[in-house]
Amino acid sequence: MTHSIDTSPLPAPESAGDAPRRYFVTSFGCQMNVYDGERMGEMLAAQGMTQAQSRDEADLVILNTCHIREKAVARVYSDIGRLKREDGSKPMIAVAGCVAQAEGEEIARRARSVDIVVGPQAYHRLPQLIDQARRGETAIDTDMPVAAKFGALPGRARQQRPSAFLTVQEGCDKFCTYCVVPYTRGAEISRPYADLVGEARALVEAGVKEITLLGQNVNAWTGEDDQGRARGLEGLIEALADMTGLERIRYTTSHPNDMTDALIAAHRDIPKLMPYLHLPVQAGSDRILKAMNRSHTAASYLKLIERIRAARPDIAMSGDFIVGFPGETEADFQATLDIVRDTVYAQAFSFKYSPRPGTPAADMEDQIAPEIMDERLQRLQDLLNTQQHAFNLDTVGKRMKVLLERPGRKPGQLVGKSPWLQSVHVTQEGARIGDLIEVEIVSAGPNSLAGEPLALVAA
Ligand code: SAM
Ligand code: SF4
């Protein structure tokens, strides 16, 4: 990995020694980082700080980083450099998230303007780290105490959006050979059932209508319910479905091997569980899947999709793909295109393989040339985009409920989500963010739909 080292003289902190009053958090990468960023903000607010409108107005800037691909890491270093202000001052800078965990002290060595380095399992200690930074020390905390973080965070604050994330499971024991998550997020842990039901209730009381349960392997969640029974994720979903005021439940990201019969049945039996499933397959060639240590085959994945669709025929499938894994031949890549054609995705995320230091795949022979990866990614994305557009076009003329989430670009326009996670643009006088309205879809583009309102279903 090559990052330039910042050797310029250190500018004086804007308020050396003063307690920061305004914070600004930028989260990169996955939804779990978005959740962590929100919890950091809530914790700083509980300490009396306020959220700044921009980085320029902040005394403390937190870069909540992602280590999954090299590009994401390089971005952190360029972002740190941009925090220096025209007058030569700078805010207090904290690097949080998976880059902090993976690179630790190295960050402070390379970018001397960084005051705090805090890993994803240690951010509940931010107040102490801020105090340490105010004393002029570089504060570094990359400990991984098992689940200590959640117990130390304050209760959930009032939510600005009707849709919220709730991390239920963290870490990963699967060790796919390309992936840094088991090293940066640690071993798989499930948060306790009672804590999660409590946090979900607090979110609903704070105005939330939709909760997305999060985890690197969210469907590996296990816990004991309020009657002491061992349950999988379906047990938690059942408890949430009983909550008055909560209209929609989603979960992401799932691993094919943890997709139990009980969870599949939940898609058939629980109307509040939305008909959308993100189930990454990564590749279509069994040889590559084996080298990735995915422990499923293309055939077992397709069989699983068949069972899921038998339980919930209208379910929209989503996935992740990696092209150019070491040793991938054109025939292997064709197998990836085949599994996409066989599955038919409503949405998908596809990436060029990025060698990550310390992972087994980074040392494998036959690394694929960048231009071959570019060309394969283009062909894969063309196919996935065609499928996504076709899925969207299929909804034209259909009626569906839309949860309004944010203002649109045009005056009076609001943007919401369909049950299948499509963005829907609607204009209806009197409608507000947080309303669940019934619409008829009148047009569809590759990335969004337009709906005509029919009725307000629930306010
Ligand atoms: N746990 C999920 C699973 O098993 O599919 C995925 C979690 S990972 C944070 C999100 C996605 O990043 C993966 O599904 C994979 O497609 C992609 N990814 C992970 N490591 C990568 C790498 N080294 N290069 C390119 N993409 C990668
Ligand atoms: Fe990474 Fe594989 Fe774990 Fe997903 S299952 S987080 S891809 S190691």
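Sparsely packed loop sites in region 354-402 (the GluC sites (Glu not before Pro) outside DSSP H, G, I, E and B with at most 11 other Cβ atoms within 10 Å) comprise 365. Of all DSSP bridge pairs formed entirely within the chain, close to 35 percent run antiparallel. Adding -39500 (n - 2.57) for every DSSP H run of four residues or longer, then dividing by how many residues the chain holds, sets the calculated 222 nm ellipticity at -9500 deg cm²/dmol.
Given R₀ = 51 Å, FRET efficiency for residue 302-residue 53 by Cβ-Cβ distance, to 0.05? Taking R0 as 51 Å, the efficiency between residue 302 and residue 53 is 0.55. Rounded to the nearest 20 debye, the dipole size of the chain about its Cα centre is 680 debye, using +1 on the Cβ of Lys and Arg and -1 on the Cβ of Asp and Glu. For the pair region 152-208 and region 241-281, the centres of their Cα atoms are 16 angstrom apart.
Past 27 Å, Cα to Cα: identify those pairs from 272/303; 71/410; 272/352; 209/398, in the order given. Result: 71/410; 272/352 exceed 27 Å. Spin-label pair residue 364-residue 26: with each label point 7 Å from Cα along the Cα-Cβ axis, the two points sit 3.3 nm from one another.
Sparse packing (at most 15 other Cβ atoms within 10 Å of the Cβ) combined with a DSSP loop state is found for the following GluC sites (Glu not before Pro) in region 389-459: 429. Here the chain is scanned for trypsin sites (Lys or Arg not before Pro) in DSSP loops (not H, G, I, E, B) that have at most 14 other Cβ atoms within 10 Å, and the longest stretch holding none of them is 230-397. Site pair residue 268 and residue 19 shows an inter-label distance of 5.7 nm when each label is modelled 7 Å from Cα along Cα→Cβ. Expressed to the nearest 5 percent, the antiparallel share of DSSP beta bridges inside region 297-428 is 60 percent. Applying both filters, DSSP loop and at most 16 other Cβ atoms within 10 Å, to the GluC sites (Glu not before Pro) of region 35-133 gives 86. Can you tell which of 179, 41, 93 lies farthest toward the positive end of the dipole of the chain, using +1 and -1 charges on the Cβ of basic and acidic side chains (Lys, Arg; Asp, Glu)? Farthest towards the positive pole: 41. Across the chain, counting alpha-carbon atoms alone, Rg and Dmax equal 22.8, 64 Å.
We did not get these values from a lab; they are worked out from the coordinates using the rules stated. Please read all numbers here as calculations on a predicted model, not as lab measurements. Because the Cβ atoms are built from the backbone with ideal geometry, glycine has one as well, and the counts that use them run over all protein chains shown.
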